[in-house]
Every structure is written in C-alpha cells, then in structure tokens.
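To keep things clear, I will list the structure first and then write my remarks on it.
The values are calculated or read from the model by the stated rules, or taken from the named source; none is laboratory data. Since this is a predicted model, take the numbers as computed values, not measurements. In this analysis, Cβ positions are derived from the backbone assuming ideal geometry, glycine residues included, and neighbour counts consider all displayed protein chains.
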Amino acid sequence: MDAEKLSRIALTSVKHVGAVRFRALLAAFGSAQAAWAATPAQWQAAGLPPAAAAGLVQARQSLELDKLPASLAQHGVRALVWEDAEYPRRLRELEQAPPVLYVRGDLLPEDEWAIAIVGSREVTAYGRRVAEELAAFLAQRGITVVSGLARGVDALAHTAALRAGGRTLAVVAHGLDRIYPAQHHNLAAEMSKRGAVLSDYALGTPPDAANFPPRNRIISGLSQAVVVIEAGERSGALITAGFAAEQGREVFAVPGPIYAPQSKGCNMLIERGAHPLLQFESLLKVLNMEMMDANKDARQVLPEDATEAALYRLLGEEPLHLNEIGARAALPIAQVSSTLTLMELKGLVRHVGGMAYVAARELGATYG
C-alpha cells in the first residue's frame, strides 16, 4: 500500500474529516500525503475548523501508517479509494463519494445491478412478507440487494437474498472490526462470502447514533433504486430515500393502511412522487432491468444480438462516453446503458470511469 493511500486512510480516520473536507485538503495541498504532513495552521488556512485540526494532530500522534495494512488484514478488511478499480462506479460518481471505503468480502461487476431495500426495525407481518419476497425476487434475477444490516427490514432483506442464492451488500455505520447489532454477526459473516459488508468509517469507530444517517447516502449511492418498506414519519429509511432522490435514483415505496404508524412514511413518499410498489415486475420495468431474469448467468464471449454487436463495433481502446455511444448508435440512452452493463458482465467491454467505456479487444473477435 503506497504512502498516498495510507495518508488518505489516516486523514479520513479523523471524525471531522469527511468527503467535503477531504476534497478541500486535496485542493489545498495537492495530495493526501502533503495534507497529512501539514501544520495545524495550514489545515485551518485550508478551511478545517479547529476541532478537525485538533483531531488530525491527535491522529498523527497515535497512528503509525506503516502498521495500517497489517491492522486491516487482521480483520479481513480492504481499504478502497476512488482510483481503485474495485471502488463501485456508481458511488465514485457522487459528489460526496467516500474518500475511503472499507470492505469485507468482494465487490463484483454485477453489483452495479443493485437495488436497496430499507425500512422499519419494528416490522409488521405485512412488511416482513414484502421484504422477504422482494429480496428473493431480486436475488433470483441476479440483482444485488443492498441494505444496512439493521434489525427488521434490513436483516430480512439480506437473509432472504442469501437464501435465494443471490448477492447482498450491507453498509454499516461503524468500523468493520465490529458488527452492530451483535446478533447479526453470523449474518454479516455469511454476507462476506456472497457479497460484502462495507463502511466509510475507520476501524475502531463505534456505532454512534450520529453515524447512521450519513451512511445512508452510501446505501442509495450503490443502488439504482431504493425501495422503502414500512417507515414511520421520522424513520431513517426516509433519510435514505432523500439521499436517493438527490442522487438521481428512483424511489419506490410500499403503500400501507393510512392508520398504521409503520406506513405513514411510505404513504407520504408516494404522495410526494415516489413510485408506489404494487407489483415487483414494475420495479424492473421502470429500471429497464427486465432482461436480468434471462441473463442472470450470461457470460458469453461474443455479442449475442445486433445491439451488442453494434455497440461493440463502436468501441475501441479510447474511452467513449455513454451519451456519445448512444448518439453514434442512434439508440435510446436507457437501452445503451443497460446493454453496456450486461456486456461488462460478459467481459465484452470495460467501464473506465466517468460513464466512459472501452472494448475488451483481448477477446480476439472482430465484427464487421
């Protein structure tokens, strides 16, 4: 692990240094390594408040950068930064993408096909049924289920996805050297084998109540859509839905009885414009995911239809933006985007960041 990455891990381990302040440090000093070596006066001149500067002083006195890799390895955790290929593309493109993402498990290309399921900890029998059946429905179609490992809807969704043979990701609000709630330790361990547990909090960070709302931006950021199943008027699930709307994700809500406290948040979201989830198939239709059912295990080495072949012919070694590909192919952007994602799963193309793609020419095939 190089010095720049170690410095980024160290900087962002400080409580008051998040994505916005980290970007300010990069802009002021040019690199994380230079920012880590700066003086408190220079940090404050770069816009850090005194509390953040004091936190950095303390971190610099207590952290030994050369021991960070061993500490992460001891807990089976990897640290990803924006430049790492494994760092999720959807998350990277957000304005406030976490500078460091801690991962236990594996992130795969197919995790770009992801839908978040969130909701109340005090779930009713109705909410339980919807959460379990929806998660299984998605998992059976090769769609990754994302949630927050909390009691109630979150745990139900993770468990149902695993039982259906699918993949699931959990985003937690603490360091990955612990699991909260403790009763979900075994669930988290199983998820690490068929998915991943993620956090933007450094090892050693406790599950403080203030950490939970911010982590919800990662749940929505990883996903193409957020489905809210039962939520009170002040539910954390509504915070996730709010982040989803800001990030341009689709928001779905499961309607419920108007007198039920667990349904007030969902009914309010629908009133404000969220999609009412009346049929699971409608979720796939809105997101143009219908093809996932037929292509769950598709790992072809050649384009299998005219659209794939046309897009493959357009791509070369130079990155081409999604909008430019659509214009050249004279195809709707939604169709181009979904086709390229499927082609990436097959190894036909590679996404290189910024919604740009190149062809994987090592396949050795040509299409004229």
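Some points to look at:
- Selected residue (only one of Thr144, Thr124 is of a type in the set (Val, Ile, Thr) and out of contact with any strand residue (DSSP E or B) (no Cβ under 7 Å at 6 or more places or on another chain)): Thr124
- Any hit, the range 255-263, residues being modelled with pLDDT of 90 or more and touching a Cys at 6+ places or on another chain (Cβ under 7 Å): yes
Each row is one residue, and each column tells you yes or no for (1) aromatic (Phe, Trp, Tyr); (2) over 14 Å from the mean Cα position of the chain (by Cα).
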| residue | (1), (2) |
| --- | --- |
| Glu95 | no, no |
| Val103 | no, no |
| Val118 | no, no |
| Val123 | no, yes |
| Arg128 | no, yes |
| Ala131 | no, yes |
| Leu134 | no, yes |
| Phe137 | yes, yes |
| Arg141 | no, yes |
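- Residues that are among the hydrophobic types (A, V, I, L, M, F, W, C) and over 22 Å from Pro109 (Cβ atoms), drawn from the range 121-144: Val123, Ala125, Val130, Ala131, Leu134, Ala136
- Flag for Ala274 being modelled with pLDDT of 90 or more and either touching a Leu at 6+ places or on another chain (Cβ under 6 Å) or not assigned by TED's automatic domain parsing to the domain that holds Arg141 (or both): no
- Scanning the range 248-264 for residues that are outside any loop (DSSP other than H, G, I, E, B) and basic (Lys, Arg) yields a single hit, Lys264.
Conditions (1) over 19 Å from Ser223 (Cα atoms); (2) at pLDDT 85 or above, marked per residue:
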position	(1), (2)
Ala330	yes, yes
Ile333	no, yes
Leu340	no, yes
Gly353	no, no
Leu363	yes, no
Tyr367	yes, no
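- From the list Leu65, Leu72, Leu56, Leu25, the lone residue that is in contact (Cβ under 8 Å) with a residue 60 or more places away in the chain, crowded, with 16+ Cβ neighbours inside 10 Å and closer than 14 Å to Thr12 by Cα is Leu65.
- Residue match in the range 49-58 (condition: closer than 23 Å to Pro206 by Cβ and within 27 Å of the chain's Cα centre (by Cα)): yes
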